Amino acid sequence: MELKNTFAGDARPETVAAAVAEDGYAVVRDAVDADTVAAVKADLAPYFAQAHDGHEEFYGKLTKRFGALLAKSTAVQTLLVHPTILAVADDALLPHCVRYRVHYTGVMHLEPGETRQVLHRDIGVYPIASPCPPLTVATMWALSDFTRENGGTRLVPGSHRWSNDRVPEPEEVVATEMPAGSVLIYTGNTIHGGGANRAESPRSGVALHYNLGWLRQEENQYLSIAPETVGKLSPELQALTGREAHDALGVFDPRVIPV
């Protein structure tokens, strides 16, 4: 099966959102310019140098991963509030919550020789059977070109509507191919997984996920971002990281716990 739902960077956000709702995913090519990609890479370069390859099969034995990206990169913060991404998250998540949150932030850097990841759903962290409403929206931002050869994310179009017991056939799996600066968007109930890197160079991506505001976030944003850093974030980013109550959930006294 070939990858479809590929849009130009200036595509109408509602068109992208409709594709995600219909097939569980979309790709926006050249969503940000080369300068933005360079700024993200520059911000994260020291952490790449310190990161080690993984040791677990699921996370990849030749994959470098690290999180807490909002505390490490102002350029990543701009990716998080990209208008098209927020339009998709609004469409997918707001019918089921008052507001959504940052669920996870992380780098996934596949070295040559990495094997493909087992196909899975991100919502597996929650005890809810599929099919179900979208609990999360995920983005994978390409810091390098994504190809079939270097491990571009594999996914199964339409699987966000499947029950837990349906297993995809090989011909139902597609590989994400997109240039650096592009973004793959998919709902957390869409079956997907990292590909095998058979190329001679790494494949790097930044994963930024969003979840329903009444669910526990996968990455603890309250501990990942120091208080002094939180104060420098825009009100929009502060709300996304959880510094705003979800109706009556998560209330606090700012006189005791300053934002």
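The values are calculated or read from the model by the stated rules, or taken from the named source; none is laboratory data. Since the model is a prediction, treat every value here as computed from it, not as a measurement. Glycine also receives a Cβ, built like all others from the backbone with ideal geometry; neighbour counts cover every protein chain displayed. Remember, those area values only see protein heavy atoms, side chains included, never the ligands or the DNA or RNA. Shrake-Rupley method; radii C 1.70, N 1.55, O 1.52, S 1.80 Å.
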Exercise for the section: Please determine, by comparing only the residues of region 157-180 that are in a loop (DSSP other than H, G, I, E, B) and either in contact with a Gly (Cβ under 8 Å, 6 or more places away or on another chain) or among the polar types (S, T, N, Q) (or both), which one is surrounded by the fewest Cβ atoms within 10 Å (Cβ to Cβ). Expected result: SER163
Fill in the blank from the handout: Among residues of region 225-256 being in contact with a strand residue (DSSP E or B) (Cβ under 7 Å, 6 or more places away or on another chain) and of a type outside the set (A, V, I, L, M, F, W, C), the residue modelled with the lowest pLDDT is GLY242
Practice task
Please indicate, with yes or no, whether at least one residue in region 106-127 is within 17 Å of PHE58 (Cα to Cα), among the aliphatic types (A, V, I, L, M) and out of contact with any strand residue (DSSP E or B) (no Cβ under 7 Å at 6 or more places or on another chain).
Solution key: yes
Fill in the blank from the handout: Expected single match for under 20 Å from THR105 (Cβ atoms), under 19 Å from the mean Cα position of the chain (by Cα) and not polar (S, T, N, Q) among ALA21, ALA45, ALA39, ALA17 is ALA39
Practice task
Please enumerate the residues belonging to region 27-64 that are within 21 Å of GLY181 (Cβ to Cβ) and either in contact with a Pro (Cβ under 9 Å, 6 or more places away or on another chain) or not in a helix (DSSP H, G or I) (or both).
Solution key: VAL27, VAL28, ARG29, ASP30, ALA31, VAL32, ASP33, LYS64
Problem - region 42-61 residues that are open to solvent by less than 80 Å² (accessible area, probe 1.4 Å), paired with ones that are acidic (Asp, Glu) (beta carbon under 9 Å, 6 or more apart) - result: ASP53/GLU111; ASP53/GLU114; GLY60/ASP53; GLY60/GLU111; GLY60/GLU114
Exercise for the section: Test each condition in (1) surrounded by 18 or more Cβ atoms within 10 Å (Cβ to Cβ); (2) part of a loop (DSSP other than H, G, I, E, B); (3) in contact (Cβ under 8 Å) with a residue 60 or more places away in the chain for PRO134 and report the one that comes out false. Expected result: (3)
Exercise for the section: Could you grab the pairs with beta carbons closer than 9 Å, sequence gap of 6+ or different chains, first residue in region 158-176 and within 19 Å of ALA21 (Cβ to Cβ), second one open to solvent by 30 Å² or more (accessible area, probe 1.4 Å) and in a strand (DSSP E or B)? Expected result: VAL174/ARG154; THR176/ARG154
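Listed here are the residues, each with its yes/no results for (1) assigned to a helix (DSSP H, G or I); (2) over 24 Å from ALA8 (Cα atoms); (3) open to solvent by less than 40 Å² (accessible area, probe 1.4 Å).
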| residue | (1), (2), (3) |
| --- | --- |
| ALA87 | yes, no, yes |
| ASP91 | yes, no, no |
| ARG101 | no, yes, yes |
| GLY106 | no, yes, yes |
| PRO112 | no, yes, no |
| VAL118 | no, yes, no |
| ILE123 | yes, yes, yes |
| SER130 | no, yes, yes |
Problem - Sole residue being in contact with a Cys (Cβ under 9 Å, 6 or more places away or on another chain) and on the phi < 0 side of the Ramachandran plot, chosen from ILE128, ILE123, ILE85 - result: ILE123
Handout entry: Near pairs, Cβ below 7 angstrom, 6+ apart or cross-chain, from region 71-85 (in a helix (DSSP H, G or I)) to any residue that is open to solvent by less than 50 Å² (accessible area, probe 1.4 Å) and among the aromatic types (Phe, Trp, Tyr)
Key = LEU79/TRP141
Handout entry: Selected residue (criterion: farthest from GLU57 (Cα to Cα)) from residues of region 137-156 that are hydroxyl-bearing (Ser, Thr, Tyr) and surrounded by fewer than 21 Cβ atoms within 10 Å (Cβ to Cβ)
Key = SER144
